[in-house]
Amino acid sequence: MISALLEVILPVFLVLGFGYLAAYKKYFSEAGIDGLMQFSQNFAIPLLLFRAIATLDLSHGYDPKLFLSYYTGSFLSFALGIVGARMWFARQWDESVAIGFSALFANSLMLGLAIMERAYGAGALAPNYAIVSIHAPFCYFLGITTMEIVRNTRGGVLGTASAVTRSMFRSNLMLAIALGFVVNLTGLHVPVAVMDALNLIIRAALPTALFSLGAVLYRYRPEGDMGAVVMVCFISLFFHPAVAWLLSTQVFHLSDGMVKGAVLTASMAPGVNSYMFANMYGVARRVAATSVLVGTLFSVLSVSFWLTVLGV
């Protein structure tokens with residue numbers, strides 16, 4: 001079992017480590033690292049999601065019980081992060097929302113897809129793609145709406161949330177997902193030469209994303225309120241996947257593949273978007289950044305635990 005876990009996890013985190021080392025040794029400039037991140041997030045991964053959604057069996061992947069298993073845990077993690085930050089660490093309400101968002105937004109894309117593929121193969125990714133396709137809209141709408149409520153700004157909840165939602169759907173990621181749905185639902189034929197070209201780029205998506213994530217994490221030095229950071233990491237790495245496991249196995253009785261997709265995705269560390277959200281509002285930035293770094297480091301242990309529970 002230990003050797004199997006190492007075969008799954010170690011390559012993923014070695015690629016992250018190589019990226020971190022490259023940034024530490026200054027083998028890449030900050031502009032170069034940003035370029036790698038932009039290539040992976042704005043080009044290669046959107047193409048990966050386009051192909052996945054375009055060829056996904058929607059009757060299998062898009063199961064309401066799958067979404068309830070995963071996103072009920074997301075919502076409860078968000079609420080627990082807010083309440084914990086407010087009651088245990090005496091944070092202001094807007095800081096508490098940003099800390100709760102760090103517990104909410106899992107790294108379902110760069111880490112989740114890579115580890116799921118290593119563990120169970122590319123053919124097992126359908127539940128992950130389904131979860132990822134609505135992950136950013138769900139998390140940002142929930143986070144922004146809550147932040148506007150606690151701040152009570154003049155823009156209003158619906159106005160601000162609507163503006164940011166429109167902005168998200170103009171992103172390459174959301175555009176690729178939307179186009180994937182168009183191809184899937186209409187049966188449009190993508191020329192073989194075009195698909196072969198996409199496949200060449202897609203092969204670089206996850207390795208580049210992991211390497212650039214490791215390089216970006218070098219910027220996030222471990223500082224801030226470690227109590228709040230530990231709380232966020234516990235919620236992200238153990239509470240959220242525990243809720244997903246309980247609902248998917250004991251309440252909804254999902255298939256084995258969907259259980260693995262929901263639980264393993266839920267067990268991912270906070271994503272870089274956690275820091276982006278905190279930075280957007282100028283609150284709890286150190287906690288968010290440190291949670292991304294510490295959570296990613298400790299996800300080696302948490303992912304090993306959940307893979308053992310699920311069976312490698």
* Asked: In region 137-148, is there at least one residue being in contact with a Gly (Cβ under 9 Å, 6 or more places away or on another chain), over 23 Å from T296 (Cβ atoms), without any contact (Cβ under 8 Å) to a residue 60 or more places away in the chain and surrounded by fewer than 24 Cβ atoms within 10 Å (Cβ to Cβ)?
  -> yes
* If we keep just the residues of region 188-199 that are β-branched (V, I, T) and part of a helix (DSSP H, G or I), which is nearest to V12 (Cα to Cα)? -> V194
* To do: Scan L66, L47, L36 and give me the residue that is surrounded by 16 or more Cβ atoms within 10 Å (Cβ to Cβ) and either aromatic (F, W, Y) or at pLDDT 95 or above (or both).
  => L66
* Could you say whether any residue in region 96-118 is part of a helix (DSSP H, G or I), among the aliphatic types (A, V, I, L, M), at pLDDT below 95 and surrounded by fewer than 22 Cβ atoms within 10 Å (Cβ to Cβ)? -> no
* Taking region 253-308 only, how many residues are crowded, with 24+ Cβ neighbours inside 10 Å and free of Cβ contacts under 8 Å to residues at least 12 places away in the same chain? -> 0
* Asked: Is there a residue being free of Cβ contacts under 8 Å to residues at least 40 places away in the same chain and hydroxyl-bearing (S, T, Y) anywhere in region 3-10?
  -> yes
* Among the residues of region 187-217, which ones are β-branched (V, I, T) and either touching a Leu at 6+ places or on another chain (Cβ under 7 Å) or at pLDDT below 85 (or both)? -> I201, I202, T208, V216
* Inspect all residues belonging to region 155-178 and state whether any of them is outside any helix (DSSP H, G or I), over 30 Å from V15 (Cβ atoms), among the small types (G, A, S) and modelled with pLDDT of 75 or more. => no
* To do: Given the conditions (1) closer than 30 Å to L14 by Cα; (2) in a helix (DSSP H, G or I), report the number of the one that N184 does not fulfil.
  => (1)
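Residues checked against (1) surrounded by 21 or more Cβ atoms within 10 Å (Cβ to Cβ); (2) within 16 Å of the chain's Cα centre (by Cα); (3) among the hydrophobic types (A, V, I, L, M, F, W, C); (4) modelled with pLDDT under 90:
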position	(1), (2), (3), (4)
L16	yes, yes, yes, yes
T55	no, no, no, yes
G81	yes, no, no, no
A85	yes, no, yes, no
* **Residue check for D225: of a type in the set (D, E, K, R) and without any contact (Cβ under 8 Å) to a residue 40 or more places away in the chain** => no
* Please list, ordered by first then second residue, the pairs with beta carbon atoms under 9 Å, 6 or more apart or interchain, first in region 193-209 and farther than 25 Å from G19 by Cα, second at pLDDT below 90 and surrounded by 15 or more Cβ atoms within 10 Å (Cβ to Cβ). => M195/R51
* Asked: Can we say A22 is touching a residue at least 12 places away in the same chain (Cβ under 8 Å) and either hydrophobic (A, V, I, L, M, F, W, C) or closer than 26 Å to M226 by Cα (or both)?
  -> yes
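The values are calculated or read from the model by the stated rules, or taken from the named source; none is laboratory data. Nothing here was measured: the structure is a model prediction, and the numbers come from that model. Cβ sites come from the backbone with ideal geometry, for glycine too, and all protein chains shown count toward neighbours.
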